[in-house]
1. Would you pull out the residues with amide H under 5 Å of Ile271's amide H, same chain only if 5 or more places away, H placed 1.01 Å from N?
2. Can you tell me what percent of all Cα-Cα pairs in the stretch 248-338 are more than 16 Å apart?
3. How large is ³J(HN,Hα), in whole Hz, for each residue of the stretch 310-322 in order, when computed from phi with the Karplus curve 6.51 cos²θ - 1.76 cosθ + 1.60 and θ = phi - 60°, using x for Gly and Pro?
4. Going by average Cβ density within 10 Å per residue, which order do the peptides 433-444, 410-421 take, highest to lowest?
5. Highest mean first, how do 475-487, 323-335 rank when packing is the count of other Cβ atoms within 10 Å averaged over residues?
6. Taking the highest mean first, how do the peptides 314-321, 96-103, 424-431 order by number of other beta carbon atoms within 10 angstrom per residue?
7. Can you list the residues, at least 5 places off or on another chain, whose amide H is less than 5 Å from the amide H of Ala505, using H built in the peptide plane?
8. Using the Cα centre of the stretch 447-496 as origin and beta-carbon charges of +1 (Lys, Arg) and -1 (Asp, Glu), tell me which of Gln489, Ala460, Leu448 is placed farthest towards the positive end of the dipole.
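Please treat every number below as a calculation from the coordinates, not as lab data. Not measured: the values here are computed from a predicted model. Every residue, glycine as well, gets a Cβ built from its backbone with ideal geometry; the counts of neighbours run over all protein chains shown.
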Amino acid sequence: MRFDDSLETVLSADMSTPFGAQSAWRQLVDLIGRGRAGAGPETMARLRALRDAVPVTVRAASARALAAAEPPAALVRLFVEDDAAVAAPVLRAARLDEHEWIALLPGLSSVARSVLRHRRDLPVGVTRALEAFGSVDFVLDASPEALATVETPRKPVLVARAPDPEAVAEPEPARETSFASIASIAHGLPVVAEALRQHNAPPAPTADGTFEIADLVARLDAFHRERDENGAPAQAEMFDLPTIDARAFQFETDASGTIRWVEGVSRAPLIGLSLDQIGEGAAIDGVASGAFRRRSGFANARLVVAGTSDAAGQWRISAMPVFDRASGRFTGYRGSARRPRVEESAELSRDRGRAGPDALRQLVHELRTPANAIAGFAEMIESEMLGPVPPVYRGRAGAIRDQVHALLGAIDDIDMAARIDTRALDLRQDAVPLAPLLARIVGDLAPLADLRSATIDCRAAPDLVIAGDDRAVERLIGRLFATLLASAQAGERIGVTARIEDAQAVIVFDRPRALVAYPADGLLRIDAETEAEQAGAPLLGTGFALRLARNLAGELGGSLTLGDAVLTLRLPAVVSAGMEQAFSS
């Protein structure tokens with residue numbers, strides 16, 4: 001059992017300074033938004049107390065960071081009570097239950113509810129509840145206070161309707177926000193004020209005793225009847241414009257990776273999109289985000305833009321970093337985009353919660369370099385190359401070196417799994433004598449056998465030769481040995497026998513007693529958390545190691561079968577002519 005004290009660490013930090021308040025705000029929002037801490041009353045009260053001390057730009061950045069998480073309803077409520085720039089990113093991406101949305105709607109401003117009206121993934125009940133607020137959200141506030149505090153803009157373009165007198169008499173209370181609604185601005189226009197005055201004034205009769213409003217209603221009825229009979233008016237054809245098929249565009253980003261300038265396509269779907277995260281209506285693969293974190297160039301990264309504009313669809317984007325000549329400071333990217341060619345595909349994985357093989361290989365590349373550096377420094381400290389070191393620190397350096405070597409082995413396993421998944425595994429055809437290979441692997445695993453107080457008993461024919469890539473064969477058999485030996489109990493013997501059968505090398509491994517209780521498919525589901533306390537256990541778990549071994553055996557032209565008491569590995573063999581069998585691969 002493990003205890004996560006991250007929340008206690010954040011709450012105990014100094015929040016009296018501006019930097020401390022901003023740091024605590026970011027950490028608390030991240031812990032609660034990603035489910036690592038509960039949204040309890042004490043935690044939410046602390047966030048509300050910190051809100052006034054945190055600039056709106058920092059709060060807006062925290063809101064955008066929640067786009068890839070699933071914040072609870074209490075945290076969503078905290079953000080939607082904030083300024084419109086802070087509330088909008090959360091409202092566009094939050095995923096709540098129907099009853100949580102409905103409970104949240106009455107406390108939202110009309111601006112916040114208008115953001116929700118643009119979403120198409122809300123439950124049906126929430127959509128109906130939003131429609132019920134229409135009569136309130138779309139009423140123009142005609143109070144004298146609103147007319148007195150709004151400055152009349154120049155050259156306005158406005159489409160408005162006269163509100164219901166009762167709705168005007170009791171307008172919705174205004175929220176404290178930096179956003180000025182169109183309704184409040186419209187009240188300052190002389191034409192709207194005159195329209196309201198004429199609407200509230202009693203109708204005047206004409207010379208023949210009838211009212212002009214009745215004539216207007218008759219004309220409107222006649223227009224609707226004519227449209228229903230003859231179809232839409234001819235003027236509608238003016239708006240039936242051809243769709244522009246954009247083939248390329250240029251863009252520039254700022255230092256945060258956010259696109260700020262676009263030329264060649266519609267700007268609205270792209271402005272504000274970040275190279276470092278998935279945005280609303282668009283998605284960029286890991287090539288661009290990885291390059292952004294390294295401040296390096298990238299080519300042919302995949303971009304998918306949703307919608308119906310000329311920017312919608314699949315793109316391939318390339319960009320180079322830009323640095324200030326005077327200071328050397330990174331200022332952003334300049335790049336271009338093109339439509340993918342016929343032989344290319346720019347579609348991203350539908351399952352965003354699972355990294356694709358290309359992203360895994362990129363991750364492996366980024367992890368291997370610092371891990372090797374840590375292992376090198378640990379060995380230098382342990383061997384006292386930098387000067388005398390106390391024995392206690394030499395021991396710790398040795399432990400770090402061993403742990404980093406285990407991490408490098410896990411990184412190599414991830415790299416191989418990604419290569420298998422992308423059909424990029426490079427295998428050479430070779431002949432691998434089995435007996436010397438088994439002896440070498442047993443010698444390498446002797447420290448692990450001593451740690452587990454277990455023994456390995458190998459019996460293999462001296463003339464048995466495997467047909468396949470020598471590195472892949474050694475990795476496959478070595479991983480199986482290490483995985484089974486790590487689950488062995490004190491005094492247990494792991495038996496291994498090898499024979500030739502039907503032009504195949506058949507290697508049979510005994511299952512340790514700790515794994516006998518698992519069914520065949522249950523072995524593949526043992527994760528790393530289950531074995532975290534076992535010394536020498538695979539870093540990624542027994543299930544991952546066995547799945548990787550099974551897939552690698554398939555790449556070598558063989559198979560791995562999980563039996564009730566044994567594991568059977570079959571690989572192509574090189575059979576001698578004396579046995580009257582031919583070479584098989």
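1. Excluding prolines and chain starts, which carry no amide H, there are no hits.
2. Summing the P(r) of the stretch 248-338 above 16 Å gives 48 percent of all pairs.
3. For the stretch 310-322, the Karplus curve yields 5, 8, 6, x, 9, 9, 10, 10, 9, 7, 10, x, 10 Hz.
4. 410-421, 433-444
5. Descending packing order for the listed peptides: 475-487, 323-335.
6. Working: 314-321: 19.4, 96-103: 15.5, 424-431: 11.9.
Peptide ranking by packing, descending: 314-321, 96-103, 424-431.
7. Counting only residues 5 or more places away or on other chains, the set is Leu571, Ala573.
8. Ranked along the dipole, the leading option is Gln489.
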